[in-house]
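S.K.: Here it is, the structure, as structure tokens.
The values are calculated or read from the model by the stated rules, or taken from the named source; none is laboratory data. All of these numbers come straight from a predicted model, not from anything done at the bench. Glycine gets a Cβ as well: all are built from the backbone with ideal geometry, and neighbour counts include every protein chain shown. Just so you know, the surface numbers come from the protein's heavy atoms only, side chains and all, with ligands and any DNA or RNA stripped out. Shrake-Rupley method; radii C 1.70, N 1.55, O 1.52, S 1.80 Å.
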Amino acid sequence: GILLLGVVGTYLIVDHEAFMFTRIHLSLSQTEEGGGGGVIWGLFGSFVAECDEETAGLAAGLLVSLVVVARLWSRPPRRVATVYLAALGASAAGQALGISSGHQHPLQYLLVFPSGEERAVGGGDGSIEYGGFVLEEPHLDAFLASFRGTKPNVFLFLHEGVGALNVLTPDGVVNATRAPVLASLQAQAVTFPRVYATFPSTLRGILTMVTGGYTSTQGSIFNQISHTFRGMSVPKLFNTAGYRTALFASGRLGFEKLDLLWQQLGIQKFFDSTTASGEWQQKNKLSSWGARDEKTLEQAFDWIDREKAQSPMFVTIFPCGTHHPYVVPEDLQRDHPEIRWPRRPEDRKEKYHHTVRYADWVMGQMIQGMRERGLLENAIVVATSDHGEAFGTPRPSNWLHKNELYEDNIRSWQMWIPFKNGQPAAAAATPARVSSKVMSHGDLLPTLAPVTGVEVRTEHGQDAFGGQYSVRRQFFLKTASPAKAGVLDGSLKYIMRIDGTDEELVDITDETTPITSQHPARVAELRRLVLGWQEAIHCDWLDQLEGYSEQLKCGQQAGMYVNVREQPAGVPWARRMAMACWPDGEKLVTLPLVHPQQHPLGIHMEWVEIAVETPIVTDWLAPNGTKAHSQAMTLQVGWHSTKMHWRPRRPLEEGNWTAEVRCKRTGAKIADVVMPVDSNATICRMLPPIRVRESMLAVGGEVATRVHPRQGALTVRSRWYPVPFVTDVTYNFGPAQQKPVFTGKLTLKQGWDKTQYTWKPGRDLTPGEWQAVIRKGGQQLGVVDFVVDPAAPLVGPPRE
């Protein structure tokens, strides 16, 4: 009883903190599909920042309850049970009902089930109906004319969570108090104040931006970005044009696998705070989300100074100070009074505005540093943001960015500032403008392309400075529970819950007042467009991924079920279903035909994000319709894909089998797939696991267990059981039982049985016990223990 009370009470306190800074109750979806330990660490910092008197009161109440229950433990059971249930019930009711402000608490799912009626709505026909007309702004056509094809240096300053409503007035003018650097440049720039993010989150917002409008709306985004994107992207564009390309990010990009995305897209130099030494990270820590932005900028300058490249440069600076918990270094405020910092912030919104000023100052430092290095003689600076940030508007429940699809969350902006001879150059050519275009993040790539001289054709993005810019509907989607999708059509915005339980139509001039009932025909049409867009844009995205299963791409192909109809309330949506196997435990192989001796059999399913924990049952039906096997599974909130295995005890009868998935609670059919069993099919066999026979540390060619702190190179030699397939493994070096100070990747080739991996430390090693750990995903394959000892011999050349 004490343990249970402690667990539940602790959950309620943590949930209170989650609600304090997200205005939604605790859910795994807040970690964006569980993006690893980095996101948990980042959220911990945000939790701590929001601790208040109410949190302390809850903690004190929990402690008192634990003491009371403990003292009454030896008393009659009935009294103990009464006190325990009263304390637990009061605490749960207070959290679930009092603090929720109308939002359903997870505990209420025990008492309340979703209700609603089935509505059949047709999906798209495979095309995206953007609609719209050509908007002519002749004064913009010549704005970058003198730069086209000249390959200027391009510097992208990518703000974190600084939307149009956070930094611009309704007329598109920069708020000079919050961003004086941007305000000083606006007179010689073009500003686009209505640039819409397809997703109100960093990973998918940037994905759309750098791929020219492609995005994922279904399945696991982490699985998908592990495949190489074969279309054009921003890094690939500049690489093709002969640029040196680099990204310098203050944040810990691994928490959403943004590091994987940028590197898959071909960025030549990648830096985020985790790639620096542990000493640098500790010295320059800003918050649990990353490092000080001006220190990251110094890393960019150091790289540029070392490069001394004759080639033009494309450099992205990605600060993180404007991410919650909104931190500005105190010494920076003290040492730079000329910045004219706002008054000391007292609430969350003022703290945020403080960090907007910080990011603006860093942008000014970037421009000054590039000017001093002669890189603005012929250059373009582009400032934009991945998404917006909300503070209780237009609805009291709307906080941060992931939770809603209102203007505060998804409306971004762009500012383009051309430079000649180190100075902004727009005034000499054409007047600066605030454009009336309604744009998408996907327009960034085709707008950058003309200055590189590389011809780019994108299906979704447009050149904002081109003469034939078509005003289109803007589509968007969020995966934070409850998942929603929507479209902006003129001034009307339609938003629907993916589970079909709610929808609304608003005018963006007043998003507080739904007008859904006044326009039933318009609502029905926009609902059809949103459903069609979700399917079509996802199919276009999958078509660009190398090695992604053809059977799980678009269309009604053999062995695949595509469901674009709305299900009854409470029944999850299945987008795709296929017979499959995973030879190496990870790589998906679909099976259009199944051999009678296939073992095991697998089903891969992609879902619209699961909004409510739902038990399902899968029935395996023989050709005559009899049930051969049945399996149960519970879909968890936030899941996007599942896999299920069946190991038949005897060969399968040839013919058309069926795997049918249904909702256990209601019996409603979710999806099915026909499984042709044919002896001519190929058996998909499970490959043996990757295994290490032994590993050892070597320095100077000799095996060692002790190394000097200034040792210049450490080599891990490994003997393997023959590697059965090509795969990547990582090498993690660091003090024992601590976070690695270095992580490197090695690609193993099929048949290899010996490898060696060398790490050259960038600083002196801390004396003590160390480890080199070899991993594949979350699996540890091998470990080498060694001691860093100043008394150990220094073998070969010391560290440089």
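S.K.: When ranked by the protection proxy of mean other Cβ atoms within 10 Å per residue, highest first, what sequence do the peptides 450-458, 533-541 form?
M.R.: By packing density, highest mean first, the sequence is 533-541, 450-458.
S.K.: From the backbone phi of region 275-281, what are the Karplus-calculated ³J(HN,Hα) couplings (6.51 cos²θ - 1.76 cosθ + 1.60, θ = phi - 60°) in whole Hz, Gly and Pro given as x?
M.R.: 7, 7, 5, x, 5, 5, 4
S.K.: Taking the Cα-to-Cβ direction at residue 336 and at residue 142 and moving 7 Å from each Cα, how far apart do the two end points lie in nm?
M.R.: 3.8 nm
S.K.: For residue 625, what charge total do you get from the other residues with a beta carbon under 11 Å from its beta carbon, if Lys and Arg give +1 and Asp and Glu give -1?
M.R.: That sum, taken over residues with Cβ under 11 Å, equals -1.
S.K.: How much accessible area per residue does region 297-438 have, counting only protein heavy atoms and a probe of 1.4 Å, in square angstrom?
M.R.: Heavy-atom accessible area per residue stands at 38 Å².
S.K.: I need the trypsin sites (Lys or Arg not before Pro) found in region 714-800, filtered to DSSP loop residues with at most 15 other beta carbons within 10 Å of theirs.
M.R.: Passing both the DSSP loop test and the Cβ count: 749, 763.
S.K.: Any idea how far apart residue 719 and residue 303 come out in nm if each label point goes 7 Å out from Cα toward Cβ?
M.R.: Modelled inter-label distance: 4.1 nm.
S.K.: Give the cross-link partners of residue 669 among the lysines, using a straight C-alpha distance below 25 Å as the criterion and excluding same-chain residues fewer than 8 apart.
M.R.: Leaving aside lysines fewer than 8 places away in the same chain, those within reach of residue 669 are 484, 553, 627, 643.
S.K.: Report the local net charge at residue 616: Lys and Arg +1, Asp and Glu -1, summed over other residues whose C-beta lies under 10 Å from its C-beta.
M.R.: Around residue 616, the surrounding residues sum to +3.
S.K.: Tell me the per residue accessible area of region 655-738 using a 1.4 Å probe; a whole number in Å² is fine.
M.R.: On a per-residue basis, 48 Å².
S.K.: Kindly list the residues of region 655-673 that lie in the label zone of residue 626, defined by a backbone N under 16 Å from the point 7 Å along the Cα-to-C-beta vector.
M.R.: Under cut-off, by backbone N: 655-658.
S.K.: Then there is this: At a Förster distance of 30 Å, what's the computed FRET efficiency of residue 669 paired with residue 730, Cβ-Cβ distance as r, to 0.05?
M.R.: 0.10
S.K.: Identify the chymotrypsin sites (Phe, Trp or Tyr not before Pro) of region 709-800 meeting these criteria: DSSP loop state and at most 15 other C-beta atoms within 10 Å of the C-beta.
M.R.: 725, 752
S.K.: Please give the contour-minus-distance gain from residue 433 to residue 706: 0.36 nm per residue of separation, less the Cα-Cα distance, rounded to one decimal in nm.
M.R.: Extra length available between residue 433 and residue 706 comes to 91.8 nm.
S.K.: Right, here's the next one. Could you please state how large a percent of the accessible area of region 309-465 is carbon and sulfur, counting protein chains only and using a 1.4 Å probe?
M.R.: Of all accessible area on region 309-465, carbon and sulfur atoms account for 46 percent.
S.K.: A further question follows. Just report the Cα centroid separation between region 288-327 and region 692-762, whole Å.
M.R.: Result: 30 Å between the Cα centres.
S.K.: Using θ = phi - 60° and the Karplus curve 6.51 cos²θ - 1.76 cosθ + 1.60, what whole-Hz ³J(HN,Hα) does each residue of region 212-217 get, with Gly and Pro shown as x?
M.R.: Result, ordered by residue: x, x, 6, 7, 9, 10 Hz.
S.K.: When the accessible area of region 632-779 is split by element with a 1.4 Å probe, what percent falls to carbon and sulfur?
M.R.: Carbon and sulfur atoms account for 46 percent of the accessible area of region 632-779.
S.K.: Next question, about the same structure. Scan region 252-301 for chymotrypsin sites (Phe, Trp or Tyr not before Pro) in coil per DSSP, keeping those whose Cβ has at most 14 other Cβ atoms within 10 Å, and list them by number.
M.R.: none
S.K.: Note the full-extension length gain between residue 752 and residue 783 as 0.36 nm times their separation in residues minus their Cα-Cα distance, in nm to one decimal.
M.R.: Separation in residues times 0.36 nm, less the Cα-Cα distance, equals 9.3 nm.
S.K.: Same structure again: Going highest first, how would you order 357-366, 652-661 by mean Cβ packing within 10 Å?
M.R.: With the highest mean Cβ count within 10 Å placed first, the list reads 357-366, 652-661.
S.K.: Subtract the Cα-Cα distance of residue 647 and residue 517 from 0.36 nm times their separation in residues, and report this length gain in nm to one decimal.
M.R.: Difference between extended and current length: 41.6 nm.
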